[in-house]
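First the structure, in the form of structure tokens, and then the observations on it.
Read-outs: derived from the displayed coordinates by stated rules, not from any lab. This one's a predicted model, so the numbers in the text were calculated from it and none came from an experiment. Cβ atoms come from the backbone with ideal geometry, glycine included; neighbour counts cover every protein chain shown.
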Amino acid sequence: MSFSLIGRSFLKLEDFTPDEIFGLLDLAESLKLERLERREEHRLAGRNLALIFEKTSTRTRASFEVAAYDQGARVSNIDPGSSQMGQKETVRDTARVLGRLYDGIAFRGKNQNDVEALADASGVPVYNGLTDQFHPTQILADALTMMEHSGGDLRGISCCYLGDARFNMGNSLLMGAAKIGLDFRIAAPESYWPASAHRSCCEAIATDTGAKLTFTETVEAAVDGADFLYTDIWVSMGESEEVWADRVGHLLPYRVTADVMAMTGKPDTRFLHCLPSYHNLGTDIGRKIADRFDLDGIEVSDEVFESAASLVFDQAENRLHTIKAVLVASLC
Ligand code: CP
Ligand code: NVA
């Protein structure tokens with residue numbers, strides 16, 4: 001294995017060059033094939049990883065665990081509710097303890113500052129499994145999924161994100177698109193666009209990579225000719241239930257329906273979503289909000305989510321292969 005990011009943390013995409021991101025994607029592709037062909041090597045044998053999840057997770061936690069086990073490493077789940085971190089001990093003190101015991105630490109929580117402090121103080125690679133600001137491992141899975149459905153080449157691909165773009169997904173997709181060189185559009189009310197400092201940073205990167213970044217309130221213009229439409233839930237983890245009425249009021253024109261898919265003018269436009277998704281009445285919150293606003297799903301209609309155009313479970317699987325690439329590259 002020639003590609004390596006030995007000793008590096010994975011905190012946000014801004015820290016990585018386009019070549020490094022493409023290197024991780026290539027590595028993820030080959031690790032995926034190794035697993036499929038049941039010839040995986042235990043590159044991480046004898047290594048120990050700590051997983052700290054302050055917020056709930058299905059895909060990210062499971063992907064870190066299975067990636068570690070597949071490569072011969074062991075994991076400890078450290079529940080912030082039953083450990084000292086943040087209650088009786090600072091993040092930096094916990095980091096200095098865990099850095100003596102573990103070879104790497106994955107963290108999911110609210111503050112980007114916390115994952116940065118863990119990396120700074122622990123002395124071992126730290127992996128951002130989502131903060132309010134960024135969700136960088138998700139973008140690797142999204143990019144791999146787009147590659148697999150675009151003949152392997154991401155340059156020239158167009159992707160439109162619709163919905164709340166101020167949070168982790170909007171911020172990280174924008175940075176990923178800038179680094180990778182995508183034609184990337186955000187369709188949302190202006191108050192839901194990423195912060196202007198982050199937009200400027202991504203626009204500066206785009207001038208080097210050839211990415212084309214568009215921000216608009218107009219759905220028709222944003223989705224025209226798009227190869228992929230992407231959305232995320234409208235109320236993220238940690239936000240108050242009280243914001244639902246405003247979100248629905250503001251974002252309803254941006255929900256992904258069959259009409260919006262058709263508006264691309266391309267019969268083969270694919271649908272992406274990081275998940276979890278409120279696409280039907282099968283969850284307590286999804287049912288409550290959809291009933292209240294008379295919807296068949298919230299940010300995406302059930303029809304689109306369940307359609308042949310939907311790649312959401314390919315994306316979910318690719319969380320494993322891309323997180324594995326990050327672990328292998330940073331620890332080998
Ligand atoms: N997409 C994602 O991060 O899913 P989880 O919240 O289940 O980890
Ligand atoms: N924006 C969502 C992403 C979930 C993967 C959240 O933070 O809840």
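Overview of values
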quantity: Simple Cβ-charge dipole of segment 183-245, Lys/Arg +1 and Asp/Glu -1, about Cα centre, in debye nearest 20; calculated: 220
quantity: Value of relative contact order over segment 137-285, rounded to a whole percent, pairs C-alpha under 8 Å and six or more apart; calculated: 25
quantity: Charged-residue dipole, Cβ positions (Lys, Arg, Asp, Glu), segment 210-272 about Cα centre, Debye nearest 20; calculated: 260
quantity: Interchain or long-range residues, amide H under 5 Å from Gly210's placed H; calculated: none
quantity: Gain upon complete extension [Ala204, Ile6; 0.36 nm per residue less C-alpha separation]; calculated: 68.5 nm
quantity: Approximate spin-label separation Tyr69-Lys212, in nm, with each point projected 7 Å along Cα-to-Cβ; calculated: 4.5
quantity: Violating pairs (Cα-Cα greater than 27 angstrom) within the set Lys12/Lys55; Lys32/Lys179; Lys55/Lys266; Lys110/Lys288; Lys88/Lys110; Lys212/Lys288; calculated: Lys55/Lys266; Lys212/Lys288
quantity: GNM result for the chain, Cα springs below 10 Å: residue of His279, His149, His135 fluctuating most strongly; calculated: His149
quantity: Binned Cα-Cα distance frequencies in the chain - 10 Å width, integer %; calculated: 6, 27, 34, 24, 9, 0
quantity: Spin-label model distance (nm) - Glu317 vs Glu41, 7 Å beyond Cα toward Cβ; calculated: 2.5
quantity: The chain, dipole about Cα centre (Lys/Arg Cβ +1, Asp/Glu Cβ -1), debye to the nearest 20; calculated: 1080
quantity: Among Ile105, Ile186, Ile285, residue whose mean-square fluctuation peaks in a GNM of the chain (springs only between Cα atoms under 10 Å); calculated: Ile285
quantity: Bridge type composition, the chain - antiparallel percent by DSSP, nearest 5; calculated: 0
quantity: Sorted by Cβ density within 10 Å, fewest first, the residues Glu220, Glu239, Glu299; calculated: Glu220, Glu239, Glu299
quantity: Positive-end residue, segment 37-167 charge dipole about Cα centroid, Cβ charges, pick of Gly156, Tyr102, Leu140; calculated: Tyr102
quantity: In segment 1-72, GluC sites (Glu not before Pro) in a DSSP loop with at most 10 other beta-carbon atoms within 10 Å; calculated: Glu37
quantity: Relative contact order of the chain, defined on C-alpha pairs under 8 angstrom at six or more residues apart (%); calculated: 21
quantity: Label-point separation in nm, Ser83 to Asp224, each point 7 Å along Cα→Cβ; calculated: 5.1
quantity: Share of Cα-Cα pairs in segment 243-332 lying beyond 18 Å, as whole percent; calculated: 53
